[in-house]
1. Relative contact order of the chain: what whole-number percent is it, with Cα pairs under 8 angstrom and at least 6 residues apart?
2. Between GLY59, GLY36, GLY82, which gets the highest mean-square fluctuation from a Gaussian network model of the chain, Cα cutoff 10 Å?
3. What accessible area per residue, rounded to a whole number of Å², is obtained for region 1-71 using a probe radius of 1.4 Å?
4. Can you list residues whose amide H is under 5 Å from ARG75's amide H, if they're 5+ apart or on another chain and H is modeled 1.01 Å from N?
5. To the nearest 10 Å², what's TRP39's accessible area with a 1.4 Å probe?
6. Would you tell me the accessible area of GLU85, worked out with a 1.4 angstrom probe on the heavy atoms of the protein chains, in Å² to the nearest 10?
7. Could you state how much accessible area ARG75 has, in square angstrom rounded to the nearest 10, with a 1.4 Å probe and all protein chains kept in place?
8. Tilt of helix 18-32 relative to the longest C-alpha principal axis of the chain, in degrees (0 to 90, nearest 10)?
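The values are calculated or read from the model by the stated rules, or taken from the named source; none is laboratory data. A quick note: this is a predicted structure, and the numbers were derived from the prediction, not measured. Using ideal geometry, Cβ is built from the backbone for each residue, glycine included, and neighbour counts are taken over all protein chains shown. The area values use the complete protein model at the heavy-atom level, side chains included, leaving out ligands, DNA and RNA. Shrake-Rupley method; radii C 1.70, N 1.55, O 1.52, S 1.80 Å.
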Amino acid sequence: MSFGTFGLKAEESSWLKANQLESARRAMARVGQRGGKIWTRVFPDKPRTAKSGETGLGGGRGPLSHFVVPVEAGRVLFEIDGLSEAVTRQALRLA
């Protein structure tokens with residue numbers, strides 16, 4: 001923990017999309033009702049491309065689809081400070 005008193009840590013390795021992170025952040029902010037501070041410790045900076053399955057070979061990798069962040073097990077994703085423990089637990093459970 002670098003910034004807050006409570007945090008959300010990944011238990012397994014995976015890729016998280018940018019919209020998944022934003023959804024979790026919004027859920028935590030909604031529970032906190034602008035009362036605390038939320039830090040996002042990861043940033044989706046890895047672009048993913050998508051090419052349709054029926055396209056033939058050649059022509060490049062396809063258009064940009066979304067951004068992801070590779071998360072390894074044990075990485076802190078979010079930190080929260082300034083809220084009571086009960087409210088923080090509810091916010092992190094929703095995230």
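1. Value for the chain: 50 percent.
2. So, out of GLY59, GLY36, GLY82, the one fluctuating most is GLY59.
3. Per residue, region 1-71 has 74 Å² of solvent-accessible surface.
4. ALA10
5. That residue has around 60 Å² of solvent-accessible surface.
6. For GLU85, solvent-accessible area is about 90 Å².
7. ARG75 exposes around 90 Å² with every protein chain in place.
8. Result, in degrees: 20.
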